[in-house]
Amino acid sequence: QVQLVESGGGLVQAGGSLRLSCAASGSIFSLRATAWYRQAPGKQREWLASISTATATNYADAVKGRFTIARDKAMNTAYLQMDSLKPDDTAVYYCAAARTYYTGSDPGGYAYWGQGTQVTVSS
């Protein structure tokens, strides 16, 4: 089993930055990819970005150029650097992990999920 714990969320003013972390524990040796999603109140979960052990990255158009996904080499921790934040970025942010090299947007491609961390961007 794999456990994922997100951290780094909080309240930030528009235009500011936050860096989210996703710490993995348990049977992490076979993890191959990590993704970030978010869900705002009343909206569906939205895929943001993915990264694999092959260092391939993939971004949703909505965050390309503002958000950057990264990970450590051991796949213990993944990060989401968020810059130029907007009030529309307010949501609960989740990380997800897969034992495959999948870096797409389908939530079904990721077997493990964290509990989420709240990000609030004030105007």
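Only a single criterion out of (1) more than 16 Å from Tyr110 (Cα to Cα); (2) of a type in the set (Gly, Ala, Ser); (3) modelled with pLDDT of 95 or more is not satisfied by Ala54, namely (3). Restricting attention to region 18-44, which residues are out of contact with any Lys or Arg (no Cβ under 7 Å at 6 or more places or on another chain) and open to solvent by 50 Å² or more (accessible area, probe 1.4 Å)? Correct list: Arg19, Ser25, Gly26, Phe29, Pro41, Gly42, Lys43, Gln44. Taken over region 8-45, residues that are within 20 Å of Ala60 (Cα to Cα) and part of a strand (DSSP E or B) amount to 12. Of the residues making up region 46-55, not one is open to solvent by 50 Å² or more (accessible area, probe 1.4 Å), part of a strand (DSSP E or B) and either of a type outside the set (Asp, Glu) or free of Cβ contacts under 8 Å to residues at least 12 places away in the same chain (or both).
Could you say which residue among Val2, Val92, Val63 is touching a Gly at 6+ places or on another chain (Cβ under 6 Å) and over 14 Å from Val119 (Cα atoms)? The conditions single out Val2.
Where strands (runs of 3 or more DSSP E) sit wholly within region 56-123, those with at least 2 residues that are open to solvent by 20 Å² or more (accessible area, probe 1.4 Å), closer than 24 Å to Pro41 by Cβ and not aromatic (Phe, Trp, Tyr) occupy 117-122.
The values are calculated or read from the model by the stated rules, or taken from the named source; none is laboratory data. Predicted model, so just to flag it, every value in this text is computed and none were measured. Neighbour counts run over all protein chains shown; Cβ positions are idealised from the backbone, glycine included. Note: accessible area is taken over every heavy atom of the protein model, side chains too, but ligands, DNA and RNA are not part of it. Shrake-Rupley method; radii C 1.70, N 1.55, O 1.52, S 1.80 Å.
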